[in-house]
1. For the condition over 22 Å from residue 407 (Cβ atoms), modelled with pLDDT of 95 or more and in contact with a Ser or Thr (Cβ under 7 Å, 6 or more places away or on another chain), what is the one hit in 367, 374?
2. Can residue 275 be described as within 16 Å of the ligand (Cβ to nearest atom) and charged (D, E, K, R)?
3. Condition first: part of a loop (DSSP other than H, G, I, E, B), open to solvent by 30 Å² or more (accessible area, probe 1.4 Å) and in the same structural domain as residue 319 (by TED's automatic domain parsing). Can you find one or more residues in the stretch 284-296 that meet it?
4. Determine which member of the set 328, 288 is of a type in the set (A, V, I, L, M, F, W, C) and either closer than 18 Å to residue 342 by Cβ or within 16 Å of the ligand (Cβ to nearest atom) (or both).
5. Is it fair to say residue 147 is at negative phi and in the same structural domain as residue 117 (by TED's automatic domain parsing)?
6. Looking at residue 274, is it assigned to a loop (DSSP other than H, G, I, E, B) and buried (at least 16 other Cβ atoms within 10 Å of the Cβ)?
7. Hey, can you tell me all the residues within the stretch 333-347 that are within 16 Å of the ligand (Cβ to nearest atom) and without any contact (Cβ under 8 Å) to a residue 40 or more places away in the chain?
8. If you scan the stretch 181-195, which residues turn out to be among the acidic types (Asp, Glu) and either open to solvent by 60 Å² or more (accessible area, probe 1.4 Å) or in a loop (DSSP other than H, G, I, E, B) (or both)?
Amino acid sequence: MRYSELVEVCEEIEATTKRLEMTDSLVKLFKKTPAELIDKVIYLIQGKIYPDFVGIKLGIAEKLAIKAISQAYGVDKNEVLRDFKRLGDLGTVAKELAAKRTQAVLASAPLTVERVHETLDEIARASGARSQEAKIGLLAGLLADATPKEAKFIVRTVTGKMRLGIADMTILDALAIAYTGEKENRKHIERAYNTSSDLGDVAKTLATSGLEGIKNYKIRVGRPIRMMLAQRLASADEILNKLGGEAACEWKYDGERIQIHKKGKEVILFSRRLENITEQYPDVCATVREHVQCNEAIIEGECVAVHPDTGELLPFQELMHRRRKYGVEDAAKKFPVSLFLFDVLYIDGEDLTQQEYIVRRKKLEEIVRCDERIRLTEMLRTSDLSEVERFFEHAIEAGCEGLILKALNGVYQAGARGWLWIKLKRSYQSKMVEPIDVVVVGAFHGRGRRSGSYGALLAAVYDKENDVFTTISKVGSGFKDEDLENLPKMLSPYEIEHVHPRVKSEIEADVWFTPSVVMEIIGDELTLSPVHTTAFGKIREGAGIAVRFPRFTGRWRFDKSPEDATTVEEIVEMYKSQLKKVE
Ligand code: AMP
């Protein structure tokens, strides 16, 4: 098939913004395309050579493309650069230079779709010491044989600037019309696309096996399933109603969504955008290999950064350490993650996407051997509004973003943002702008590097009215190694058998202290908490106030007596005055 046929259609599409006209042009193109080439044609009109998840990408630097253009048309690099500055698009530069050249192109055979695809593939794959020259040579060769219009689109494709604005849905429409004569059939084709995220493969199946082939289109391990997304409503009440009165409430973790494909010992990870991110998480792959007990599986979960010594959940930003090419193994040790699984879509040949949520959740429980690096999301099945609210506060305090409420009988709606999953986030947030002074009233034994010392301290503020200390936070961050070493010695004089009579705590600490030592902490915000006793019931029934993401500032306030610590009254004031609407 001639590449020029594809380019003609690209030109038509470029000239319109109307979706119907685009669809018509695509239908015309698909009808002309031999079945064995339809996948390549689809990738090429989208400016790609493979579906995104394959991870072989074009997008060569403009500097390289300029060299190739200069070589192909025998003009100086600076001249190409000048034209580029004038025209603002390298594709158009190539088109003009191709039109000006003196020797006729006609001598060479016309470019075919096959040749263009194959050469672009070679360009994308060229690696190693002399790869730059190789890429330039291959591209120049292609441009030398291209017509001006073809040159324009080749250059745009290799530099990743195709941008015709063809939505996936437009391609699905065009496929339905071209191959079945009815746009109605798009729903079947779309389902197949949601199953594989590969428009090329879907089109080829349609072209070779018709609508029957599409209806039988199956999940395959290694091809990402387009992810199900959540709607949002403002209150727990509305959400419960929408879900029929009862729901599975899950913590909404603040990490990165991962779709995990396991085939024997092989594990592939896909991001929310369906990119292959296996390399970023070698530790996750190893955990899955060891803890997911079936041969083949597709499961989903949220990967969350955790504190190496205390296991506390950390904010999403901490995952940035994994976005690197080199030293990932080191980063994995220094910045560990835990995986919180929430769905299973496929096990050993069985497609589970049409099963109800509860069935899927049960299967997930059955195949995963949990430990601290891999477990299921915290989940509460309830129809009681106040239980949902308490669970929400737990989630926020633990470092999550809120809850996702899921329909108990809901299927997995691949590629859809439907009403079977509804998220509940906060509408208000109380920013914490200044540090507070807290009294150490208890401690928790450390693990890992912190074994022998404490992993976290239980901190309280002073309730003047009742002359007691109420808990506000479990502080495990911000301690230097020497702080940690000294903690047991420093606190041992105050150690007591039971919780101190003046301490009001709902939390069971491993070790209790007489309130004596004061330290300064800061956090990201103050939140409502069902477990901390500070200002309990003052802002909302059944909830106290807590510090979210607390850390020790490094300042021990030996100058302060416990009664000089920040008071409950001050905390309530801070909470109210720092309240901000979350957009
Ligand atoms: P949003 O990105 O705000 O639309 O929220 C949806 C995202 O929340 C999902 O794509 C997941 O990455 C993430 N998430 C965290 N916890 C869960 C959970 N328990 N169930 C589903 N998604 C979750």
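The values are calculated or read from the model by the stated rules, or taken from the named source; none is laboratory data. These numbers were taken from a predicted model, which means no experiment stands behind them. Here Cβ is always computed from backbone atoms with ideal geometry, including for glycine, and neighbour counts include all displayed protein chains. Quick note on the areas: whole protein, heavy atoms, side chains included, nothing else; ligands and nucleic acids left out. Shrake-Rupley method; radii C 1.70, N 1.55, O 1.52, S 1.80 Å.
1. Exactly one residue qualifies, and that residue is 374.
2. yes
3. In the first step, residues of the stretch 284-296 are kept if they are part of a loop (DSSP other than H, G, I, E, B); the result is 293-295.
After this cut, where a residue has to be open to solvent by 30 Å² or more (accessible area, probe 1.4 Å) as well, the list is 293, 295.
Now narrow it down to the ones that are in the same structural domain as residue 319 (by TED's automatic domain parsing): 293, 295.
Yes - at least one qualifying residue is present in the stretch 284-296.
4. On the way: 328 fails: either closer than 18 Å to residue 342 by Cβ or within 16 Å of the ligand (Cβ to nearest atom) (or both).
Answer to the selection: 288.
5. On the way: at negative phi: yes; in the same structural domain as residue 117 (by TED's automatic domain parsing): yes.
Yes: the conditions hold for residue 147.
6. Details: assigned to a loop (DSSP other than H, G, I, E, B): yes; buried (at least 16 other Cβ atoms within 10 Å of the Cβ): yes.
The answer is yes for residue 274.
7. Taking the stretch 333-347 as the starting set, the residues that turn out to be within 16 Å of the ligand (Cβ to nearest atom) are 337-345.
If the condition is that a residue be within 16 Å of the ligand (Cβ to nearest atom) and without any contact (Cβ under 8 Å) to a residue 40 or more places away in the chain, then 338 is the only one that fits.
8. Taking the stretch 181-195 as the starting set, the residues that turn out to be among the acidic types (Asp, Glu) are 182, 184, 190.
Hits for the stretch 181-195 are 182, 184.
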